[in-house]
Amino acid sequence: MAILVRRSNLFVPITDSERVKRAWQSDADAVTLDLEDGVVEPRKAEARGLVREGIAMAARGGAEVFVRVNAPLLHADLDASVWPGLRGIVLPRVESAADVTEATNQMTALERLRGLGVGTLELIVLLESARAVWDIRSIVTASPRITQVGLDESDLAGDLGITPVPEHDPYVYARGRLVVEATSARVQPIGITYPLGVHPRRLPPADIHRVATDARNLGMKGVVCPDPSWVAPVNDAFTPSADLVAHNKRVREVFAGALAAGTAAVPLNGRMIDVPVDEWAKVVLAMAEACEARDAQKRAARAGP
Amino acid sequence: MAAHQVRRSGLTMPVVTRRFVEHAWRRGCDFINLDLEDSVPQHLKANARSLIKAAIPIVRKGGAEAFTRINHDYVHADLEAIVWPGLSKVNYPKAESADEIRLLDAVITRLERERGIRPGTIEIGANIETASGVAAAYDIASASPRVREFGGGSGYDMSRDLGVEMFVGFEQFAYGKGELELVARALGLQVRAAPFVANTTGSVSDADRAFREAQAARTCGFRLGGGLNPAVVEPQNRGFTPTAGDVEDAQWVLERYRELTGTPDTWKVIDGRVIDRYEAARARDTLEWAALCAERDREKAEAVLRTRAAMAEPASPASA
Amino acid sequence: MSARIRRSWLVVPMSKPEEIARASRSTADVIVLDLVEFVAEEDKPAARERVEAAIRTAQAGGAEVFAQVDPELLVADLHACVWPGLTGVIVSRLESAQQVADVDGLLAELEAKRGILPGTLEIVAALETARGNHDAYDIARASPRIRALTLGRADLIMDLRAEPSGEIHLMPYLMQRLIAVARALGATGIGAWWQAPARGLLAGPDDTYQAARRGRAIGFTGSPCIDVRQVEPLNRGFTPDVAEAAAAQELMTAYRAAVARGVAVVALGDRLVDRGSVTQAQALLDRAAACAARDREKAEIAARPPLARP
């Protein structure tokens, strides 16, 4: 089964034409044209009119293009967004399987209407309430279109009635449940280490790299980037390094040798290489290959006509 | 019977490695876990099955219980090979559904009957090593009365399933560990858990760390240990056993608590220390556990003496 | 529905009637008349007799009054507690939806008999065992009277002990899980983030304040306590402070200015602020105002002449 590589998803307000034009230069794996929290109420109708053109602009560097719709304006926003070139929809404030179905029904109808392959548009689902966190299993299994799921920690704070402070992470339970239930349902959990999800900031690349690495080691498979400066360190943190790839190739060689010699465990540089270590090496190498394939696609798109 | 309640230390070892199996009884473990799974390469698994029956009494010579770890994908073949008198427990990896546990229960029940083992003797260790296992934890843990302990939620396989590196120095598995422990407690099962201790080396032979972790686990009320390397056995035995000082302190608490009977108070404070029914319950727990450990240690010492006598070995001072 | 401000829940054993008067002179938002945790078996009949009068005394300082009852002794305990002036009951060691249904039914009966507006008595579900916590969702949705969940003395009842870090084993997990379940059902979490050496809600004033602050940061809105000296620290810890209110105000001002320019995300220093942060900021300011109002209300009530006693 192909590994989905969508390490960075850069969110840009659709009404900020400069940022939409420049989005592809960030090298994000995905760009989300935002109709929701990135756009003030009075401009939401205007925003819809900008999506069709925005899709082509955002796709220039080979990024997948998504649109984040407004939950209370679902029908109008979907109608404005489903055009050739769109990869999928980011659906916020999902509380139930019914919310998912309402969106997918309309997406199917629009795919037919506009000549997209039926069922091809993906869904990235954002959970913003304790109710959604509790009911996550029925949500993530509601449609095969769902490929990623994350917490909107800012709105979740409102639902929990808290003003988060950096010293005390209030989302350990919610985030942990997200990772376990999503992974179990074969949907990728996305998110960043606390408190950057609820208090996003511009930080030096090394800091973003560090927190992105920690997020990866919590089980996250990608990060919503509110700022272009996040993209490169996030991509890097979620890509096995050349050193790591070389090391794990060696692990596989050494272990294969051990098996041929009739044993199931062999030392390498002070560590025991056994079945679990070899299994992990397979995972790392498969991820490295998939990342390289994605990066090659993006390079080709940039070099293209 | 004390044996099944005292499992402070144990070694998981590939049954195909003869010298490990033959020396196991000398290690001082409370249990030996004969492995058919990850430490046995694929091409040796058939041979491994044929070795279990004879290995069970060998590893029990020092008084240890005998467990096995079977393969997730070879349940029938493995169970046929391992269910023999003397086996206490079957460890089943990567459990993901209640149905799997019910199947194990049914096959073990038949084999116990066929092989003259008292029905219900053999326990099932349902090991949760994937996200799906965590999601189904309650159903899994309640699927059979043979499941008597439960917990965990971290380790190599869980890390691989979540796609995370290990030994990164912070708690990566809070949700899984929390859910499994809550399920274990809700079902009245023995809890396999411990306080989080940051580990960035992944060493399996660090005796000091093993002692500190066992001690931290015990002061949190936990009793279950185990490992891969003989160096951790004695530290775990020591770390999980109450000291003479702990026993004295528990007796003191119970005496102070008894003094409350007949008074209108349900609690009092002595030198800044609260004495109430909760402290009394903990004290009783400590005394009971100390007694169980002492009895277990006597059992093991006697078994070692008998084995040495049978081998006509001189009794060494360390084992008396 | 705007929630009542209930930052401090002072538990008073009904075996010690002399403590009621002292409690009513404290600034507790809620006084809990206890028939369960601190009352010895043989003292319960006498304790129950005292509750009706104790409700009136407890109210004198402006506190709301709850009673803490035993689900195994429901009939006796509820008959003793349900009188006009009672706001609700805390049910100790709840473990099943059936128990909740039993409480709900009895409350309805007693409301009718004793002239209390039907459906108004609240239930606080104390989930103090592993079973209760595991089944928290089913328990909490078993009655619309359940407005709050609490872990009560779970650390003692479940025998959860201090880890080397100072955290009480499993409690951080149980707290966040409880709050998630409560909020999923529109209820609130009552408790604090106690750390060693605090045990079973008992701690000195400083530790109590810190536990309240940490608890508020993860979603608790108030906490029980056992000692009257814990009341003021709880009130303070569960009230947004001046610095927080100022920061919230600054954030809202910056955001409004941005929106006026047609922009929905604004940088405040290196922080990126959007609608979600503003919702939080507004909620904090609303809570600060509500706390101030509650404090004024209590002060007014406490300043009134004492009620005539029968």
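In table form, for the structure just shown:
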read-out	value
Karplus 3J(HN,Hα) series, Hz, for the range C:51-63 with 6.51 cos²θ - 1.76 cosθ + 1.60 (x for Gly, Pro)	5, 4, 5, 5, 4, 5, 4, 4, 6, 4, x, x, 6
Shielding by partners, peptide B:218-229 (average Cβ within 10 angstrom, other chains)	2
Principal-axis tilt of helix B:207-219 within chain B, Cα atoms, nearest 10 degrees	60 degrees
Shielding by other protein chains, C:216-224, mean Cβ within 10 Å	4
Inter-part distance where the range B:181-216 and the range C:68-116 are each reduced to a Cα centre, Å	42 Å
Span-like helix ranges in chain A, DSSP H, alpha carbon extent 15 angstrom or more, Kyte mean at least 0.0	A:44-58, A:172-184, A:242-260
Crossing angle, helix B:174-186 versus chain B [Cα axis fit, 0-90 degrees, rounded to tens]	80 degrees
Within 10 Å of each Cβ in C:159-165, the average number of Cβ atoms from other chains	6
Protein accessible area in the range B:10-240, 1.4 Å probe - carbon and sulfur %	50 percent
The range B:83-188: trypsin sites (Lys or Arg not before Pro) falling in loop per DSSP and having at most 11 other Cβ within 10 Å	B:Arg115
All lysines inside 24 Å of A:Lys44 as judged from Cα atoms, apart from same-chain residues fewer than 8 positions distant	A:Lys21
C:Arg4 paired with B:Ala301, simple spin-label distance in nm, labels 7 Å along Cα-to-beta-carbon	6.3 nm
Bins of 10 Å from zero: percent of alpha-carbon pairs in chain B	6, 23, 33, 24, 10, 3, 0, 0
Chain C, relative contact order [Cα under 8 Å, separation at least 6], %	16 percent
Intensity falloff of the range B:244-319 expressed as log10 I(q)/I(0), Debye formula with alpha-carbon point scatterers, at q = 0.16 Å⁻¹	-0.66
On Cα atoms only, tilt of C:171-184 relative to the major axis of chain C in degrees	90 degrees
Per DSSP, loop trypsin sites (Lys or Arg not before Pro) in the range A:147-216 with at most 16 further Cβ within 10 Å	A:Arg186, A:Arg202
Restraint check, A:Lys298/B:Lys177; B:Lys53/B:Lys177; A:Lys221/B:Lys177; C:Lys16/C:Lys298; A:Lys282/B:Lys61; A:Lys282/B:Lys53, Cα-Cα greater than 32 Å	A:Lys298/B:Lys177; B:Lys53/B:Lys177; A:Lys282/B:Lys61; A:Lys282/B:Lys53
Selection from A:Val234, A:Asn217, A:Val187 lying farthest towards where the dipole of the range A:170-269 points positive, charges on Cβ	A:Val187
Relative contact order [Cα under 8 Å, 6+ residues apart], chain A, whole percent	17 percent
Per-selection metrics, the protein assembly as shown (Cα): Rg and Dmax in Å	30.6, 94
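The values are calculated or read from the model by the stated rules, or taken from the named source; none is laboratory data. Because the structure is a prediction, the values reported are computed rather than measured. Cβ sites come from the backbone with ideal geometry, for glycine too, and all protein chains shown count toward neighbours. Heavy atoms of the whole protein, side chains included, go into the accessibility calculation; ligands, DNA and RNA do not. Shrake-Rupley method; radii C 1.70, N 1.55, O 1.52, S 1.80 Å.
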